[in-house]
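First comes the structure, then the notes that go with it.
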Amino acid sequence: MKILVAIKQVPVRDSQLKIAPSGQWIDETDLAYEINEPDAYALEEGLQLKEKHGGEVVVLCAGPARAGQAIREALAKGADRAIHIEQDMNALDPLAAARVLAAAIRSESPDLVLTGLQSDDLGSGQTGVILAELLGLPHAGIVMEVEALDASVRVKREWEGGWFQHVELPLPALLTIQSGIRKLRYATLMGIRKARAKEIRIVTPEAPSGEPSLVAGRIYLPPQTKQTQIFEGPDAVAKLVEKLRFEARVL
């Protein structure tokens with residue numbers, strides 16, 4: 001089974017973010033980066049499927065040169081080889097990003113494509129399902145369990161309100177993985193050494209045609225406001241209790 005896992009490099013979760021002078025993205029100066037958490041779970045699921053059923057795991061990552069760090073980490077964890085699309089993806093909307101990824105995936109013809117449910121930086125949760133549509137693959141989202149069968153996969157999907165759905169999809173297929181599906185592994189010293197000899201194919205995509213369908217107008221921090229209310233009179237205590245109970249919800 002050939003499993004392709006799409007990963008994204010994002011700023012570390014506890015980073016102190018500042019708005020760039022352009023007002024359309026964050027200031028990336030001195031930021032530390034890591035593999036997007038849902039993508040890390042997608043990678044773990046791909047590695048466990050490979051260990052159980054054989055085959056190979058190919059990592060696909062689109063991003064600038066610094067994204068090579070995330071690729072090397074994925075290879076150190078056990079991925080067999082990688083494809084690096086050297087392109088800044090921040091300016092691309094989910095549809096444009098999916099088109100870039102789809103062009104690289106078509107040449108691989110994988111049996112199973114895994115992505116994270118959403119990215120920690122933008123969180124649109126759209127790229128994976130759009131990618132499935134562009135590739136013409138059956139897909140399932142918010143996947144919590146994956147069982148590989150002879151020519152299909154049986155998955156458990158998370159619904160709202162504590163409900164779950166079990167679906168069987170023919171291969172090839174695409175799944176978007178929910179965080180927490182497996183316990184993540186760490187890269188071992190031996191894995192880090194082996195990663196140095198693994199193939200990383202650099203791909204330069206063609207320039208996108210047409211105008212983007214979605215453009216960020218401005219990014220800004222939520223305004224901080226303070227409000228003081230003074231309760232007077234014999235019913236001051238009753239009013240205070242009402243505010244604490246129904247507005248502050250601390251009682």
What number of residues within the range 143-159 are part of a loop (DSSP other than H, G, I, E, B) and among the small types (Gly, Ala, Ser)?
1
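For every residue, the table says whether it meets (1) under 30 Å from Ala65 (Cβ atoms); (2) in a helix (DSSP H, G or I).
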{"site": "Gly141", "(1), (2)": "no, no"}
{"site": "Ser179", "(1), (2)": "yes, no"}
{"site": "Leu184", "(1), (2)": "yes, no"}
{"site": "Ala187", "(1), (2)": "yes, no"}
{"site": "Gln229", "(1), (2)": "no, no"}
{"site": "Lys239", "(1), (2)": "no, yes"}
Considering (1) under 20 Å from Lys198 (Cβ atoms); (2) in contact (Cβ under 8 Å) with a residue 40 or more places away in the chain; (3) among the small types (Gly, Ala, Ser), say which one Ala91 fails and leave the rest.
(1)
When the range 160-170 is checked residue by residue, the ones that are under 20 Å from Gly116 (Cβ atoms) and not in a strand (DSSP E or B) are Glu160
Only one of Glu44, Glu56 that is surrounded by fewer than 19 Cβ atoms within 10 Å (Cβ to Cβ), closer than 24 Å to Arg193 by Cα, in contact with a helix residue (DSSP H, G or I) (Cβ under 9 Å, 6 or more places away or on another chain) and of a type outside the set (A, V, I, L, M):
Glu56
Is there any pair linking a residue in the range 140-154 that is without any contact (Cβ under 8 Å) to a residue 24 or more places away in the chain to one that is buried (at least 16 other Cβ atoms within 10 Å of the Cβ), with Cβ under 7 Å and at least six apart or on different chains, and which?
Glu147/Val153; Ala151/Leu171; Ser152/Leu169; Ser152/Leu171
Being assigned to a loop (DSSP other than H, G, I, E, B) and of a type outside the set (A, V, I, L, M, F, W, C) is the filter here, so list the residues in the range 69-113 that pass it.
Gly78, Asp80, Gln87, Asp88, Asn90, Asp93, Ser107, Glu108, Ser109, Pro110, Asp111
Filter the range 128-154 for residues that are of a type outside the set (D, E, K, R) and touching a His at 6+ places or on another chain (Cβ under 7 Å); the one that is surrounded by the fewest Cβ atoms within 10 Å (Cβ to Cβ) is Val129
Scan (1) over 30 Å from Thr188 (Cβ atoms); (2) surrounded by fewer than 22 Cβ atoms within 10 Å (Cβ to Cβ); (3) within 16 Å of the chain's Cα centre (by Cα) for the single condition Ser22 breaks and write down its number.
(3)
Some residue of the range 203-226 being assigned to a loop (DSSP other than H, G, I, E, B), surrounded by 13 or more Cβ atoms within 10 Å (Cβ to Cβ) and at pLDDT 95 or above
no
Give the number of residues within the range 1-19 that are within 24 Å of Ala103 (Cβ to Cβ) and either among the basic types (Lys, Arg) or under 20 Å from the mean Cα position of the chain (by Cα) (or both).
9
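The values are calculated or read from the model by the stated rules, or taken from the named source; none is laboratory data. Given the structure is predicted, the values throughout are model-derived calculations rather than measurements. Using ideal geometry, Cβ is built from the backbone for each residue, glycine included, and neighbour counts are taken over all protein chains shown.
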